[in-house]
1. If I go through the range 25-43 residue by residue, how many of them are surrounded by fewer than 18 Cβ atoms within 10 Å (Cβ to Cβ) and within 25 Å of A318 (Cβ to Cβ)?
2. Can you pull out the strands (runs of 3 or more DSSP E) entirely within the range 235-347 that have at least 2 residues that are farther than 28 Å from E219 by Cβ?
3. Taking the condition over 17 Å from P215 (Cα atoms) and within 24 Å of the chain's Cα centre (by Cα), does R303 pass?
4. Cβ contacts < 8 Å: first residue under 23 Å from F194 (Cα atoms), restricted to the range 228-252; second residue among the acidic types (D, E), any location; separation 6+ or different chain. Result?
5. If H110 satisfies all but one of (1) at pLDDT below 95; (2) surrounded by 15 or more Cβ atoms within 10 Å (Cβ to Cβ), what's the number of the condition it fails?
6. Is at least one residue of the range 370-380 at pLDDT 95 or above and under 28 Å from P65 (Cβ atoms)?
7. Go through (1) at positive phi; (2) crowded, with 17+ Cβ neighbours inside 10 Å; (3) out of contact with any Leu (no Cβ under 9 Å at 6 or more places or on another chain); (4) not hydrophobic (A, V, I, L, M, F, W, C) and name the single condition R84 misses.
8. For the range 348-399, give me each residue that is part of a loop (DSSP other than H, G, I, E, B) and among the polar types (S, T, N, Q).
Amino acid sequence: MLLAIACLTAAAPAQQAMPVDAGDEDVRWLQWGGPHRDFTVEAGELADAWPRRGPRELWRRGLGPGYSSILADGDRLYTMYRQRDREVVVALAAADGERIWEHAYDAPPHRLDRQYGGGPHATPLVVGDRIFTTGALGDLRALDKRNGRLLWSHDLWGEMRGTFRPRGYSSSPIAYGDDVIVPVGGRGQALMAFDQASGAVRWSGGDLDNAQASPILIEVDGEAQLVALMVDFVAGFDPANGQLLWRHEHRTDYGLNISTPVWRPGSLLFISSAYSGGSRALRLRLDGAVTRVEELWATNQMRVHFGTAVAVGDLMIAASGDFGPSFLTAVDLRDGTIRWRDRSFAKASFVLADGKLVLLDEDGDLGLVRATPTGLQVLARASVFDSRSWTPPTLTGTTVYLRNHEEAAAFDLGR
């Protein structure tokens, strides 16, 4: 399973609240969710239709099991996979998928519930010349992205005594200033920040248990905040020191909060979970030094499991459902009304570019669609994998990089 309160102190500079390396979207996808951590990207012009056989395949290669998405940094790609009792971080050539280097380490998944595999689940993070990874057993590592050399590491479960997740650690790291920040979980360490260069602990804060979701950076009335969807709560933290600023209840069966929150204009925060969690929209605002949280609406008619939720105008689009069918669903951000449901694809994740959604569903079908206020328009589709495909697409320029539990592939989606 893929796994994608109160007072505000002096704010960090506004530009620091932007995700790391947000420029150069045409050639870089350096973190979970892409340049803005919201699965939207400035891409080249995408074709409105594909040949019957599908878009042009650039390359395909075998890749071990895992759900980590693919990062793109110029002429290199990075991802993770499992090799029996080891986890492997791999650098590939973007042009042909050939291996450049691998960094492998012991990570026997014996403690984990392996119904859906032993991971890895989280997506790495590239900052400058370093790549940061979190493995299924809570192993945080910093590597030299040029050659895979280990720079430092921490055990988030053993050494830090973080929240044990039976199906594996799943949260993708995020950068702020000179820190790399990860959810850990537990008393005083809901989140922890580590110096990117040395691995030294910079701060820890919050008393919440970690779930599976990945944190995002936002600005509330110009103030930087780090939002994390934890077990039973969504919460905001000061990314400079880890102080808990606010929290709002969001409970699910089994404590499974997996999908990444989405920040929208108008200071709206969208969160959604399966397993009875449902969706809700929160409005955040500063009242002096205090962050006020207003719940605008909540509905159990949209339940995003582990896939991506993407905003298209006033609509949030996502695959809704946990057990049984999972319909592509549009909910109106303004009032929580379900505008439409569509079952053209199986449970899917996607990225928004050039006014279109590029999606990969769990059956291995690649799709190109438009989401409108009245419904879904399917422009093109092609079968690209024949086994479980739960990893969201990565799109740079007009090239989409995909993976499932057995392979990775690249396709040209240009006109």
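The values are calculated or read from the model by the stated rules, or taken from the named source; none is laboratory data. Remember, predicted model here, so these are calculated numbers, not experimental data. Note: ideal-geometry Cβ built from the backbone for every residue, glycine included; neighbour counts use all protein chains shown.
1. Here is the first cut: in the range 25-43, the residues surrounded by fewer than 18 Cβ atoms within 10 Å (Cβ to Cβ) are 26-27, 36, 42.
Add one more test, that the residue is within 25 Å of A318 (Cβ to Cβ), and what stays is 36, 42.
Matching residues across the range 25-43 total 2.
2. Values: elements: 244-249, 262-264, 268-273, 278-287, 290-299, 310-312, 315-320, 327-332, 338-342.
Because the criterion is at least 2 residues that are farther than 28 Å from E219 by Cβ, the strands (runs of 3 or more DSSP E) in the range 235-347 that meet it are 315-320, 327-332, 338-342.
3. Values: over 17 Å from P215 (Cα atoms): yes; within 24 Å of the chain's Cα centre (by Cα): yes.
The answer is yes for R303.
4. M230/D209; V231/D209; P239/D179; L244/D207; L245/D238
5. Status for H110: all satisfied but (2).
6. Narrowing the range 370-380 to residues at pLDDT 95 or above: 370-380.
Adding the requirement that they be under 28 Å from P65 (Cβ atoms) leaves none.
The answer is no; no qualifying residue exists.
7. (2)
8. Residues of the range 348-399 that are part of a loop (DSSP other than H, G, I, E, B), as a first pass: 354-355, 362-364, 373-374, 384-393, 397-398.
Within the range 348-399, T374, S387, S389, T391, T398 meet the criteria.
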